[in-house]
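Colleague: Have a look at this one before I ask anything.
The values are calculated or read from the model by the stated rules, or taken from the named source; none is laboratory data. Just so you know, these numbers come straight off a predicted model, no measurement behind them. Cβ sites come from the backbone with ideal geometry, for glycine too, and all protein chains shown count toward neighbours. We work out accessible area using only protein heavy atoms, side chains counted, and drop any ligands, DNA or RNA first. Shrake-Rupley method; radii C 1.70, N 1.55, O 1.52, S 1.80 Å.
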Amino acid sequence: LENLSISFGRDALLERAAFQIDAGERVCLIGRNGAGKTTFMRSVMGQLKVKAGSIEFEHFELVKVHDFKRAHLGIGFMPEDRRLVPDLTAEDNGLIPAHATDLEDAGDRLDWIYGLMPEVAEFRHRSANQLSGGQQKLVALARALMVGTKLLLLDEPTEGIAPILARRMVEVLSDLKNEGLSVLIAESNDTHLKGLLDTMYVIERGSIAGNGAA
């Protein structure tokens, strides 16, 4: 990402934000509430219009790619508020991106996800509104993994859930290390992420304030 700027009216939400994620790297974007983390994630997914700058993914300039096409490129997104369809089962929620992208090996991918997260397989036939907040987060992660074969964007995955489920979330992300999957995590602190990350960036008031080895 280079010189990424996003505005809402006269207010600058992101200003000349820039950084790079290498293949297989696990990066965290740390910042307070309102610092611009969610805005940053949504801009990569095409949910917010970019005022200036570029978002290069492999050989694609994402600013020029329709938002609904980004999942086709191997990018999976887990929003902070999960955004599950309440009346659908956990499995049907997980399969939504596969239907949207006409994923040919959806069954194999789903089996792989269940191997990674056996607990999701256990409650796959329960509707989303019957699950706890932590369980819903796991389903949202499973949904992101369905198409997130190259890049995974996770917006506050451990926020607001029981510590035991937060640790489980980190265990799952650790197990992805050998998959060659790049992971960008946005969090307000690194309490649950120690030992997981390669690089950490700090975002303040819509600008990247600094970075370093995690």
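Colleague: To the nearest 10 degrees, how steep is helix 106-116 against the longest Cα principal axis of the chain, on a 0 to 90 scale?
Modeller: Between the helix axis and the principal axis of the chain, the angle is about 90 degrees.
Colleague: In addition: Which of the trypsin sites (Lys or Arg not before Pro) found in region 99-147 are loop residues per DSSP with 16 or fewer other Cβ atoms within 10 Å of their Cβ?
Modeller: Answer in residue order: R126.
Colleague: Using Cα-Cα distances under 8 Å and only pairs 6 or more residues apart, what relative contact order does the chain have, in percent? All intermediate terms of the calculation are to be shown ahead of the outcome.
Modeller: Details: 399 pairs, mean separation 68.2, N = 214.
Dividing the mean separation by the residue count of the chain yields 32 percent.
Colleague: Assigning unit charges at the beta carbon (Lys, Arg +1; Asp, Glu -1) and nothing else, what dipole magnitude in debye, to the nearest 20, does the chain show about its Cα centre?
Modeller: 640 debye
Colleague: Right, another one. Be a star and scan region 76-107 for residues whose amide nitrogen sits under 18 Å from the point 7 Å along the Cα-to-Cβ vector of D198.
Modeller: Backbone N within reach: 76.
Colleague: What ranking of R167, R26 comes out by heavy-atom accessible area, probe 1.4 Å, highest first?
Modeller: Listed by decreasing accessible area, they come as R167, R26.
Colleague: Carbon and sulfur together cover what percent of the accessible area of the chain at a 1.4 Å probe radius?
Modeller: Summing carbon and sulfur atoms, their accessible area is 46 percent of the total for the chain.
Colleague: Based on the Cα atoms of the chain, what semi-axes does the equivalent ellipsoid have, where each is the square root of 5 times one gyration tensor eigenvalue, given in whole Å with the largest first?
Modeller: 27, 19, 16
Colleague: Give me the percent of DSSP beta bridges within the chain that run antiparallel, rounded to the nearest 5.
Modeller: That works out to approximately 45 percent antiparallel.
Colleague: Same structure, new question: To the nearest 10 degrees, how steeply does helix 163-175 sit against the main Cα axis of the chain, on a 0 to 90 scale?
Modeller: The angle comes out at about 80 degrees.
Colleague: Please give the length that would be gained between A23 and R205 if that part of the chain were fully extended, namely 0.36 nm times their separation in residues minus their C-alpha to C-alpha distance (nm, one decimal). Please list the in-between numbers first.
Modeller: Details: separation 182, 0.36 × 182 = 65.52 nm, distance 2.76 nm.
Extra length from A23 to R205 when fully extended: 62.8 nm.
Colleague: Please report the orientation-averaged projected area of region 96-191, defined via the convex hull of its C-alpha atoms, in nm².
Modeller: If you wrap the Cα atoms of region 96-191 in a convex hull and average its projections, you get 6.3 nm².
Colleague: Please calculate how many Å² of accessible area the chain carries per residue, with a 1.4 Å probe and no DNA, RNA or ligand atoms counted.
Modeller: Dividing the accessible area of the chain by its residue count gives 51 Å².
Colleague: Here's a follow-up. Treat each spin label as a single point 7 Å out from the Cα along the C-beta direction, and report the K64 to H99 distance in nm.
Modeller: If labels sit at K64 and H99, their model points lie 3.3 nm apart.
Colleague: Taking the C-alpha atoms of region 34-100, how large are the radius of gyration and the largest Cα-Cα span, Dmax, in Å?
Modeller: My reading of the Cα-based Rg and Dmax gives 13.6, 40 Å.
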